[in-house]
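Chemist: So that we are looking at the same thing, I have put the structure below in structure tokens.
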Amino acid sequence: MDVAISVQHVFKDFKGEQVLNDVHHDFEEGKIHGIVGNNGSGKTVLMKCICGFLFPTSGKIFVDYEQVGKDMDFPEDLGLIIETPGFLPQYSGMKNLEILASLKNKIGQKHIAETIRRVGLDPSMKKPVGKYSLGMRQRLGIAQAIMEEPSLLILDEPLNGLDKHGVQEMRTLIKGLRDEGRTILLASHNAQDIDELCDTVCEMDAGVLTVVRD
């Protein structure tokens, strides 16, 4: 089994309050791994630790066999959407993604436009992101996460704010990304998203991770 993410006995405390409690799990490459849990269960904190945004109080996290916070600060080949995506409200969706893409210079305008179409938006739309609906922002957030074709995707509540049609479109997109060989870590409080999308399911409750479906 090739392991994309290895979380090894991770604890995380905030001011004496334990938010992650001995989380220990390997996430296999090329699958969609679901994490279910209520708000405050620790799932977002775990995702932030995997991304290198937060560091564990103790324990280790490896992404592609490199330790986060030691061998690297931030996993290189990673796309993510955690909490509400932050965009520059005065610019269009296309302009926002062009600015983000310029940080690594891996992709050009044509590829960005294709990605925007892939999530069901129009790359030529001039409307500033500040006037987008919640669902449009969410679609743009997904485009931002996938545009550089990372091998690992961390998606925290990626279907929030989407209508029924949008949810179905994005579920199809996420399954297609897995079929292209991506590893996806997906947090959702929606049982149907998890049932339909995920190859494995873990539950977070009060900072403890339990395997529900392997």
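Chemist: Using helices alone, I'd like the mean residue ellipticity at 222 nm for the chain: each DSSP H run of four-plus residues gives -39500 (n - 2.57), total over residue count, nearest 500.
Modeler: -9000 deg cm²/dmol
Chemist: Then there is this: Report the local net charge at Phe62: Lys and Arg +1, Asp and Glu -1, summed over other residues whose C-beta lies under 12 Å from its C-beta.
Modeler: Within the 12 Å Cβ shell, the charges total -2.
Chemist: Would you count, across the stretch 1-141, every pair of lysines whose alpha carbons are under 23 angstrom apart, provided the pair is eight or more residues apart or spans two chains?
Modeler: 25
Chemist: Further, regarding this structure: Compute the relative contact order of the stretch 88-214 as a whole-number percentage, counting only Cα pairs closer than 8 Å that sit 6 or more residues apart in sequence.
Modeler: So the answer I get is 20 percent.
Chemist: Just check the stretch 162-214 against the gyration tensor rule for me: Cα atoms, a ≥ b ≥ c as the square roots of the eigenvalues, rounded for a/c under 1.5, and otherwise prolate or oblate depending on whether a/b exceeds b/c.
Modeler: It comes out oblate by the Cα gyration axes.
Chemist: Quick one: ranking Thr57, Thr44 by accessible area, 1.4 Å probe, largest first, what do you get?
Modeler: Sorted descending by solvent-accessible area, the residues read Thr57, Thr44.
Chemist: Within the chain, what percent of beta bridges assigned by DSSP are antiparallel, to the nearest 5?
Modeler: Expressed as a percentage, antiparallel bridges in the chain total about 50.
Chemist: Another question about this same structure. Would you please give the FRET efficiency between Met1 and Asp22, computed as 1/(1 + (r/R0)^6) with r the Cβ-Cβ distance and R0 = 22 Å, to the nearest 0.05?
Modeler: Step by step, r from the Cβ atoms, then E = 0.50.
Chemist: What percent does the relative contact order of the chain come to when contacts are Cα pairs within less than 8 Å and at least six residues apart?
Modeler: Relative contact order, the chain: 30 percent.
Chemist: What label, among (1) 0.96; (2) 1.02; (3) 1.00, belongs to Rg/Rh (Cα atoms, Kirkwood Rh) computed from the structure on display?
Modeler: (1)
Chemist: Also: So for the stretch 1-52, averaging the separation of alpha carbon pairs under 8 Å that are six or more residues apart and normalising by length, what relative contact order in percent results?
Modeler: 33
Chemist: Hey, any idea what % of the chain's accessible area is carbon plus sulfur with a 1.4 Å probe?
Modeler: 48
Chemist: Please work out the Cα center distance from the stretch 75-94 to the stretch 1-58, rounded to the nearest Å.
Modeler: 21
Chemist: Over the chain, give the accessible area per residue in Å² for a 1.4 Å probe, as an integer.
Modeler: So the chain comes to 49 Å² accessible per residue, rounded to a whole number.
Chemist: Please arrange Ile82, Ile142 by accessible surface area, largest first, computed with a 1.4 Å probe and ligands excluded.
Modeler: Accessible-area ranking of Ile82, Ile142, largest first: Ile82, Ile142.
Chemist: Sticking with this one: With the cut-off at 1.5 for a/c, could you classify the stretch 98-161 from its C-alpha gyration tensor as rounded, prolate or oblate?
Modeler: Oblate shape, in that a/c is at least 1.5 and b/c is the bigger or equal ratio.
Chemist: When Lys and Arg each count +1 and Asp and Glu each count -1, what net charge do the other residues less than 12 Å away from Gln109, Cβ to Cβ, add up to?
Modeler: Its environment carries a net charge of 0.
Chemist: By the gyration tensor of its Cα atoms, with a ≥ b ≥ c the square roots of the eigenvalues, what is the shape of the stretch 11-87: rounded for a/c under 1.5, prolate for a/b over b/c, or oblate?
Modeler: Note, shape of the stretch 11-87 comes out rounded.
Chemist: If you don't mind, there's one more thing I want to ask. Tally Lys/Arg at +1 and Asp/Glu at -1 over every other residue whose Cβ is under 11 Å from the Cβ of Ser92; what's the total?
Modeler: Counting the neighbours of Ser92, the net charge comes to +2.
The values are calculated or read from the model by the stated rules, or taken from the named source; none is laboratory data. Computed from a predicted structure; not experimentally measured. Glycine also receives a Cβ, built like all others from the backbone with ideal geometry; neighbour counts cover every protein chain displayed. Remember, those area values only see protein heavy atoms, side chains included, never the ligands or the DNA or RNA. Shrake-Rupley method; radii C 1.70, N 1.55, O 1.52, S 1.80 Å.
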